[in-house]
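Trainee: Attaching a single structure in C-alpha coordinates format; questions to follow.
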Amino acid sequence: MSKDRTDGGRHGSRYAVAATVALLVIGLVALVVGLRGRPGPPQPESAPSVSAPSVSAPAVPGPGPSPAGASATPTPTTPAAPAAEASIGQFLPASAPTRLDIPSIGVHSNTLVGLGIGTDGALTPPQTAQQVGYYTGGPTPGQLGPAVIGAHVDSKQGPGVFYRLGATRPGDQITVTRADGTKTTFLVDKVATYPKDQFPTEEVYRGAFDRSEIRLITCGGTFDPVKHYLGNVVVFGHLTGSA
(Lines give C-alpha, C1' and ligand atoms only; values in the text may rest on other atoms or scores of the structure.)
Protein backbone atom coordinates (compact mmCIF):
# COMPACT_ATOMS: atom_id res chain seq x y z
CA MET A 1 0.00 0.00 0.00
CA SER A 2 2.83 2.36 0.90
CA LYS A 3 4.62 1.55 -2.37
CA ASP A 4 1.46 2.29 -4.36
CA ARG A 5 1.09 5.64 -2.66
CA THR A 6 4.71 6.51 -3.42
CA ASP A 7 4.39 5.57 -7.10
CA GLY A 8 1.13 7.40 -7.34
CA GLY A 9 2.74 10.53 -5.93
CA ARG A 10 5.65 10.22 -8.34
CA HIS A 11 3.34 9.77 -11.33
CA GLY A 12 1.20 12.62 -10.10
CA SER A 13 4.27 14.84 -9.97
CA ARG A 14 5.18 13.87 -13.53
CA TYR A 15 1.68 14.68 -14.71
CA ALA A 16 1.75 18.02 -12.88
CA VAL A 17 5.10 18.94 -14.44
CA ALA A 18 3.88 17.89 -17.89
CA ALA A 19 0.73 19.93 -17.44
CA THR A 20 2.75 22.94 -16.32
CA VAL A 21 5.05 22.69 -19.34
CA ALA A 22 2.05 22.38 -21.64
CA LEU A 23 0.49 25.48 -20.09
CA LEU A 24 3.76 27.38 -20.52
CA VAL A 25 3.91 26.41 -24.20
CA ILE A 26 0.29 27.42 -24.69
CA GLY A 27 1.00 30.69 -22.89
CA LEU A 28 3.98 31.38 -25.14
CA VAL A 29 1.94 30.69 -28.25
CA ALA A 30 -0.81 32.95 -26.93
CA LEU A 31 1.76 35.69 -26.28
CA VAL A 32 3.15 35.45 -29.81
CA VAL A 33 -0.35 35.44 -31.28
CA GLY A 34 -1.17 38.41 -29.07
CA LEU A 35 1.84 40.29 -30.40
CA ARG A 36 1.27 39.46 -34.03
CA GLY A 37 -2.44 38.70 -34.33
CA ARG A 38 -3.74 36.03 -36.71
CA PRO A 39 -2.09 35.17 -39.01
CA GLY A 40 0.45 38.00 -38.66
CA PRO A 41 1.22 40.98 -40.88
CA PRO A 42 0.88 40.39 -44.63
CA GLN A 43 4.07 39.84 -46.62
CA PRO A 44 4.94 40.83 -50.20
CA GLU A 45 3.63 38.36 -52.79
CA SER A 46 7.11 37.67 -54.15
CA ALA A 47 8.86 37.86 -50.78
CA PRO A 48 11.83 35.47 -50.57
CA SER A 49 12.11 33.10 -47.64
CA VAL A 50 13.64 34.90 -44.66
CA SER A 51 15.80 32.61 -42.57
CA ALA A 52 17.79 33.33 -39.45
CA PRO A 53 20.59 35.78 -40.28
CA SER A 54 24.17 34.57 -40.31
CA VAL A 55 25.24 37.60 -38.31
CA SER A 56 23.47 39.27 -35.41
CA ALA A 57 23.10 42.75 -36.90
CA PRO A 58 21.79 44.03 -40.23
CA ALA A 59 23.67 46.56 -42.31
CA VAL A 60 20.83 49.01 -41.82
CA PRO A 61 17.85 47.81 -39.78
CA GLY A 62 14.35 49.07 -40.36
CA PRO A 63 12.04 50.15 -37.56
CA GLY A 64 10.55 47.27 -35.60
CA PRO A 65 9.41 46.30 -32.12
CA SER A 66 12.90 47.06 -30.81
CA PRO A 67 15.97 48.73 -32.35
CA ALA A 68 18.78 46.54 -33.65
CA GLY A 69 22.47 47.27 -34.11
CA ALA A 70 23.95 48.21 -37.44
CA SER A 71 27.38 47.88 -38.96
CA ALA A 72 26.95 50.71 -41.42
CA THR A 73 25.45 54.19 -41.12
CA PRO A 74 23.22 55.52 -43.91
CA THR A 75 24.55 58.67 -45.55
CA PRO A 76 22.69 61.40 -47.41
CA THR A 77 22.30 60.73 -51.13
CA THR A 78 24.98 62.35 -53.29
CA PRO A 79 24.05 61.87 -56.96
CA ALA A 80 26.93 61.72 -59.43
CA ALA A 81 25.45 64.44 -61.59
CA PRO A 82 22.53 66.32 -59.99
CA ALA A 83 19.85 67.23 -62.49
CA ALA A 84 17.71 70.35 -62.34
CA GLU A 85 14.57 68.62 -63.56
CA ALA A 86 13.06 65.15 -63.80
CA SER A 87 10.35 63.73 -66.02
CA ILE A 88 7.73 65.02 -63.55
CA GLY A 89 9.12 68.57 -63.62
CA GLN A 90 11.28 70.63 -61.31
CA PHE A 91 12.39 69.07 -58.02
CA LEU A 92 10.96 70.55 -54.85
CA PRO A 93 12.96 72.33 -52.16
CA ALA A 94 13.40 70.68 -48.77
CA SER A 95 10.31 70.54 -46.56
CA ALA A 96 9.56 68.08 -43.77
CA PRO A 97 6.71 65.59 -44.27
CA THR A 98 3.66 66.13 -42.05
CA ARG A 99 1.18 63.52 -43.30
CA LEU A 100 1.33 60.12 -44.99
CA ASP A 101 -1.55 58.49 -46.87
CA ILE A 102 -1.49 55.01 -48.44
CA PRO A 103 -5.16 54.36 -49.35
CA SER A 104 -4.62 50.78 -50.56
CA ILE A 105 -3.64 49.59 -47.06
CA GLY A 106 -5.65 52.08 -45.01
CA VAL A 107 -2.73 54.19 -43.73
CA HIS A 108 -3.63 57.81 -42.92
CA SER A 109 -1.22 59.35 -40.45
CA ASN A 110 -0.39 62.91 -39.46
CA THR A 111 1.90 61.88 -36.61
CA LEU A 112 5.32 62.15 -38.25
CA VAL A 113 8.58 62.50 -36.34
CA GLY A 114 12.20 62.95 -37.39
CA LEU A 115 14.57 60.00 -37.10
CA GLY A 116 18.33 60.13 -36.74
CA ILE A 117 21.19 57.70 -36.19
CA GLY A 118 21.68 56.19 -32.73
CA THR A 119 24.95 55.55 -30.93
CA ASP A 120 24.91 52.01 -32.32
CA GLY A 121 24.92 53.36 -35.89
CA ALA A 122 21.33 52.27 -36.51
CA LEU A 123 18.41 54.33 -37.72
CA THR A 124 16.41 55.01 -34.56
CA PRO A 125 12.81 53.75 -34.73
CA PRO A 126 9.79 55.86 -33.71
CA GLN A 127 9.03 55.81 -29.98
CA THR A 128 5.51 54.41 -30.42
CA ALA A 129 3.84 51.98 -32.81
CA GLN A 130 1.48 54.71 -34.03
CA GLN A 131 4.16 57.18 -35.09
CA VAL A 132 5.68 57.43 -38.58
CA GLY A 133 9.31 58.48 -38.76
CA TYR A 134 11.35 60.05 -41.56
CA TYR A 135 15.13 60.04 -41.91
CA THR A 136 16.29 63.62 -41.37
CA GLY A 137 19.74 62.93 -42.85
CA GLY A 138 18.36 62.33 -46.35
CA PRO A 139 16.14 64.09 -48.89
CA THR A 140 12.62 65.10 -47.94
CA PRO A 141 9.76 63.87 -50.17
CA GLY A 142 9.93 65.68 -53.51
CA GLN A 143 13.65 66.39 -53.39
CA LEU A 144 16.15 64.63 -55.63
CA GLY A 145 16.93 61.17 -54.26
CA PRO A 146 15.20 58.75 -51.88
CA ALA A 147 13.13 60.02 -48.93
CA VAL A 148 13.19 57.29 -46.27
CA ILE A 149 10.14 56.75 -44.04
CA GLY A 150 9.79 54.02 -41.41
CA ALA A 151 7.32 52.82 -38.80
CA HIS A 152 6.68 49.86 -36.50
CA VAL A 153 4.82 46.80 -37.77
CA ASP A 154 3.38 45.98 -34.34
CA SER A 155 3.96 46.08 -30.59
CA LYS A 156 2.74 44.35 -27.43
CA GLN A 157 -0.37 46.52 -27.63
CA GLY A 158 -1.28 45.38 -31.17
CA PRO A 159 -0.72 46.31 -34.83
CA GLY A 160 1.47 49.30 -35.67
CA VAL A 161 0.84 51.90 -38.36
CA PHE A 162 2.81 49.83 -40.94
CA TYR A 163 1.19 46.49 -40.01
CA ARG A 164 -0.16 46.07 -43.56
CA LEU A 165 2.83 47.53 -45.41
CA GLY A 166 3.62 44.09 -46.86
CA ALA A 167 0.24 44.14 -48.62
CA THR A 168 1.31 47.13 -50.74
CA ARG A 169 1.58 46.30 -54.44
CA PRO A 170 3.30 47.90 -57.46
CA GLY A 171 1.04 50.58 -58.87
CA ASP A 172 -0.34 51.64 -55.47
CA GLN A 173 -0.28 55.35 -54.67
CA ILE A 174 1.49 57.04 -51.77
CA THR A 175 0.76 60.67 -50.89
CA VAL A 176 3.01 62.70 -48.59
CA THR A 177 1.91 66.16 -47.45
CA ARG A 178 4.78 68.49 -46.60
CA ALA A 179 5.18 71.34 -44.11
CA ASP A 180 5.10 73.89 -46.94
CA GLY A 181 1.60 72.71 -47.90
CA THR A 182 2.52 70.81 -51.06
CA LYS A 183 1.31 67.24 -51.64
CA THR A 184 3.69 64.83 -53.30
CA THR A 185 2.35 61.71 -55.02
CA PHE A 186 4.47 58.58 -55.45
CA LEU A 187 3.82 55.37 -57.39
CA VAL A 188 4.97 52.06 -55.87
CA ASP A 189 7.56 50.30 -58.09
CA LYS A 190 8.54 47.31 -55.94
CA VAL A 191 7.81 45.66 -52.60
CA ALA A 192 10.21 43.11 -51.12
CA THR A 193 11.37 41.44 -47.92
CA TYR A 194 15.07 41.18 -47.01
CA PRO A 195 16.87 39.38 -44.16
CA LYS A 196 18.28 42.01 -41.82
CA ASP A 197 21.86 41.01 -42.62
CA GLN A 198 21.14 41.46 -46.34
CA PHE A 199 19.43 44.84 -46.12
CA PRO A 200 19.92 46.72 -49.46
CA THR A 201 21.61 49.79 -47.97
CA GLU A 202 22.90 51.10 -51.31
CA GLU A 203 19.52 50.81 -53.02
CA VAL A 204 17.64 52.36 -50.12
CA TYR A 205 19.88 55.22 -49.01
CA ARG A 206 22.64 55.83 -51.55
CA GLY A 207 23.58 55.73 -55.20
CA ALA A 208 23.10 58.08 -58.14
CA PHE A 209 19.48 59.15 -58.57
CA ASP A 210 17.97 61.31 -61.31
CA ARG A 211 14.48 61.56 -59.82
CA SER A 212 12.65 61.93 -56.53
CA GLU A 213 11.98 58.58 -54.86
CA ILE A 214 10.57 57.18 -51.63
CA ARG A 215 11.34 54.21 -49.38
CA LEU A 216 8.94 52.84 -46.77
CA ILE A 217 10.45 50.42 -44.24
CA THR A 218 9.18 48.19 -41.44
CA CYS A 219 10.01 44.82 -39.91
CA GLY A 220 8.78 41.62 -41.55
CA GLY A 221 9.53 38.07 -42.56
CA THR A 222 9.78 35.29 -39.97
CA PHE A 223 8.89 36.19 -36.40
CA ASP A 224 11.31 35.01 -33.72
CA PRO A 225 10.00 35.52 -30.14
CA VAL A 226 13.58 36.20 -28.98
CA LYS A 227 14.98 38.26 -31.86
CA HIS A 228 11.66 39.67 -33.06
CA TYR A 229 11.28 39.86 -36.84
CA LEU A 230 14.22 38.53 -38.84
CA GLY A 231 13.70 40.71 -41.91
CA ASN A 232 12.53 44.04 -43.26
CA VAL A 233 9.76 44.88 -45.69
CA VAL A 234 10.80 47.69 -48.06
CA VAL A 235 8.54 49.59 -50.46
CA PHE A 236 10.23 51.42 -53.35
CA GLY A 237 8.45 54.21 -55.24
CA HIS A 238 9.02 57.29 -57.41
CA LEU A 239 7.45 60.75 -57.59
CA THR A 240 4.74 61.21 -60.20
CA GLY A 241 3.48 64.67 -59.30
CA SER A 242 3.04 67.42 -56.75
CA ALA A 243 0.43 70.07 -56.04
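Trainee: In whole percent, and with a 1.4 Å probe on the protein chains, what portion of the accessible area of segment 76-217 is carbon and sulfur?
Mentor: Carbon-and-sulfur percentage of accessible area, whole number: 50.
Trainee: Can I ask one more? With +1 on each Lys and Arg Cβ and -1 on each Asp and Glu Cβ, how big is the dipole of segment 117-198 about its Cα centre, in debye rounded to the nearest 20?
Mentor: 180 debye
Trainee: State the extension gain, in nm to one decimal, for the chain segment bounded by residue 90 and residue 182, taking 0.36 nm per residue of separation less the distance between their alpha-carbons.
Mentor: 31.8 nm
Trainee: Hey, another quick one. Compare 190, 196, 156, 183 by solvent-accessible area with a 1.4 Å probe and give them largest first, with all protein chains kept in place.
Mentor: Descending accessible area places them as 156, 183, 190, 196.
Trainee: Let me ask you something else. With both bridge residues required to lie in segment 123-185, what share of the DSSP beta bridges run antiparallel, to the nearest 5%?
Mentor: Restricted to segment 123-185, the bridges split so that about 100 percent are antiparallel.
Trainee: Rounded to the nearest 10 Å², what accessible area does residue 165 have for a 1.4 Å probe in the complete protein model?
Mentor: 0 Å²
Trainee: What is the ratio of the Cα radius of gyration of segment 97-243 to 2.2 N^0.38 Å, where N is its residue count, to two decimals?
Mentor: Ratio of Rg to 2.2 N^0.38 Å for segment 97-243: 0.97.
Trainee: Still on this structure, please answer the following. Enter the accessible area of residue 228 (Å², nearest 10), with the probe set to 1.4 Å and all protein chains included.
Mentor: 60 Å²
Trainee: Excluding ligands and nucleic acids, what accessible area in Å² is computed for residue 162 using a 1.4 Å probe, to the nearest 10?
Mentor: The value for residue 162 is about 0 Å².
The values are calculated or read from the model by the stated rules, or taken from the named source; none is laboratory data. Remember, predicted model here, so these are calculated numbers, not experimental data. So basically every Cβ, Gly included, is an ideal-geometry build from the backbone, and we count neighbours across all protein chains shown. Accessible surface areas use protein heavy atoms only, side chains included; no ligands, DNA or RNA. Shrake-Rupley method; radii C 1.70, N 1.55, O 1.52, S 1.80 Å.
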